């Protein structure tokens, strides 16, 4: 009898178990979600409304912040500048316009994945400007508080939807997500504000050192001797500021995932970042590289949509008449509506950027938590209402994602003899 070699059983390599950071490549699928993009667009509109109101305040700057140029970069050109290069009406020949079409480098610069952080970081950095006036500080504080409130509501809702999708491969509605964030608004707002309370304490200590300099004759000597102490206080403030600027999205994500308070969100992120700093930087690096490719593809698609839409209309209307709808010198109804559609394209693109940003923050939090304390990735807090919704049976004919499909046993077809036998048995008297 010949020796038989045992058959080799090959199993797929669990790459995501060996390299959990590969889960970052799920972010694009999480970000391409209609509800998240709608929430992000609503946040942008509220930021515009807030800026419009803040510009009317007595301490507003002389040159108020533009609502659209600062909040929504005009990345999607409508109408396209280079339409006449390729697209023309049948009666016209190819007449290139003198402007050069934007190249690949221009496509990827401008809007970046970190742009949503600017709503928070820009006013924070203004608060630390040397020699800033009281009106400037008041305006920056107003913008900061408004940004925290908006992101607490809409960022909290986006991260709530993303956390359920990522951990349980399930889905909750936009109304349930907004209800979750609104009921926890105090925790979501307090999480990024608590670090500033700690910084304020050390700022007061530095202020006291500065007040000693007003003592006649010896004030300068006292301050010069205490510069080392001021450096120590400033070092602590620098650490708090850097972690706050880098980790405030993760603080809100913590509350969305764990249903905890603001202090827990603050302490967890400080522990994760200080304890896993290199892993955190690696996750951010991978996210930025992957996000740049995703944003480039989405922008390219939307540029193509704008290009082909104008091309189709220009063949029926004529290119000159179509361009006349966007004439900067006119303010009629048709021109206003046409420009409005261009704003819709740009707000939608910015909405996708925000959706990607908060979805990426959610995945990064899950990975940091697993690396630091070993909590499984699929662990997320469920409210009673969400649990009842998740436990409902799926639609008929649709298997719940992530669960095996149990097929019914196949019943053999009946022959004619079987049918006649059953009919005979049913007619025979007992």
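If you check residue 247 against the conditions, is it out of contact with any strand residue (DSSP E or B) (no Cβ under 7 Å at 6 or more places or on another chain), surrounded by 24 or more Cβ atoms within 10 Å (Cβ to Cβ), free of Cβ contacts under 8 Å to residues at least 60 places away in the same chain and more than 14 Å from residue 372 (Cα to Cα)? Steps first, answer last, please.
Numbers: out of contact with any strand residue (DSSP E or B) (no Cβ under 7 Å at 6 or more places or on another chain): yes; surrounded by 24 or more Cβ atoms within 10 Å (Cβ to Cβ): yes; free of Cβ contacts under 8 Å to residues at least 60 places away in the same chain: yes; more than 14 Å from residue 372 (Cα to Cα): yes.
It is true that residue 247 is out of contact with any strand residue (DSSP E or B) (no Cβ under 7 Å at 6 or more places or on another chain), surrounded by 24 or more Cβ atoms within 10 Å (Cβ to Cβ), free of Cβ contacts under 8 Å to residues at least 60 places away in the same chain and more than 14 Å from residue 372 (Cα to Cα).
Any residue at all in segment 8-16 that's at pLDDT 70 or above, part of a helix (DSSP H, G or I) and surrounded by fewer than 18 Cβ atoms within 10 Å (Cβ to Cβ)?
The initial filter retains those residues of segment 8-16 that are at pLDDT 70 or above, namely 12-16.
The next check asks that each one be part of a helix (DSSP H, G or I); those that pass are 15-16.
Now drop any that are not surrounded by fewer than 18 Cβ atoms within 10 Å (Cβ to Cβ), which leaves 15-16.
Yes.
What tally of residues in segment 144-183 results from selecting those that are more than 16 Å from the chain's Cα centre (by Cα) and surrounded by 21 or more Cβ atoms within 10 Å (Cβ to Cβ)? Outline the logic, then answer.
In the first step, residues of segment 144-183 are kept if they are more than 16 Å from the chain's Cα centre (by Cα); the result is 144-146, 167-173, 175-176, 179-180, 182-183.
Subsequent filtering for residues that are surrounded by 21 or more Cβ atoms within 10 Å (Cβ to Cβ) retains 144, 172, 180.
Going through segment 144-183 one residue at a time, the tally reaches 3.
Filter the helices (runs of 4 or more DSSP H) completely within segment 107-206 down to those with at least 3 residues that are over 23 Å from residue 238 (Cα atoms). Don't jump to the end; show me each part of the working.
On the way: elements: 118-127, 134-150, 156-168, 174-183.
Answer list for segment 107-206: 134-150, 156-168, 174-183.
Would a scan of segment 329-340 turn up a residue that is in a helix (DSSP H, G or I) and in contact with a helix residue (DSSP H, G or I) (Cβ under 7 Å, 6 or more places away or on another chain)? Spell out how you get there, then give the answer.
So in segment 329-340, the residues in a helix (DSSP H, G or I) come out as 333-340.
If we keep only those that are in contact with a helix residue (DSSP H, G or I) (Cβ under 7 Å, 6 or more places away or on another chain) as well, we get none.
No: segment 329-340 contains no residue that is in a helix (DSSP H, G or I) and in contact with a helix residue (DSSP H, G or I) (Cβ under 7 Å, 6 or more places away or on another chain).
(1) surrounded by 14 or more Cβ atoms within 10 Å (Cβ to Cβ); (2) under 22 Å from residue 163 (Cα atoms): which one isn't true of residue 203, the others all being true?
Among (1) surrounded by 14 or more Cβ atoms within 10 Å (Cβ to Cβ); (2) under 22 Å from residue 163 (Cα atoms), residue 203 violates only (2).
Please state which one of 269, 209 is surrounded by 12 or more Cβ atoms within 10 Å (Cβ to Cβ) and within 32 Å of the chain's Cα centre (by Cα). So that I can check it myself, show each step before the final result.
Values: 209 fails: within 32 Å of the chain's Cα centre (by Cα).
The unique qualifying residue is 269.
Any idea which of 345, 301, 297, 368 is within 19 Å of residue 159 (Cβ to Cβ), under 32 Å from the mean Cα position of the chain (by Cα) and in a helix (DSSP H, G or I)? Steps first, answer last, please.
Values: 345 fails: within 19 Å of residue 159 (Cβ to Cβ); 301 fails: within 19 Å of residue 159 (Cβ to Cβ); 297 fails: within 19 Å of residue 159 (Cβ to Cβ).
When all the criteria are applied, what remains is 368.
Mind checking whether some residue in segment 212-229 is part of a helix (DSSP H, G or I), in contact with a helix residue (DSSP H, G or I) (Cβ under 6 Å, 6 or more places away or on another chain), surrounded by 15 or more Cβ atoms within 10 Å (Cβ to Cβ) and in contact (Cβ under 8 Å) with a residue 60 or more places away in the chain?
No, there is no match, as no residue in segment 212-229 is part of a helix (DSSP H, G or I), in contact with a helix residue (DSSP H, G or I) (Cβ under 6 Å, 6 or more places away or on another chain), surrounded by 15 or more Cβ atoms within 10 Å (Cβ to Cβ) and in contact (Cβ under 8 Å) with a residue 60 or more places away in the chain.
The values are calculated or read from the model by the stated rules, or taken from the named source; none is laboratory data. Predicted model only: the values in this text are computed from it and were never measured. Don't worry about glycine lacking a Cβ; one is built from the backbone with ideal geometry, like all the others, and counts go over all protein chains shown.
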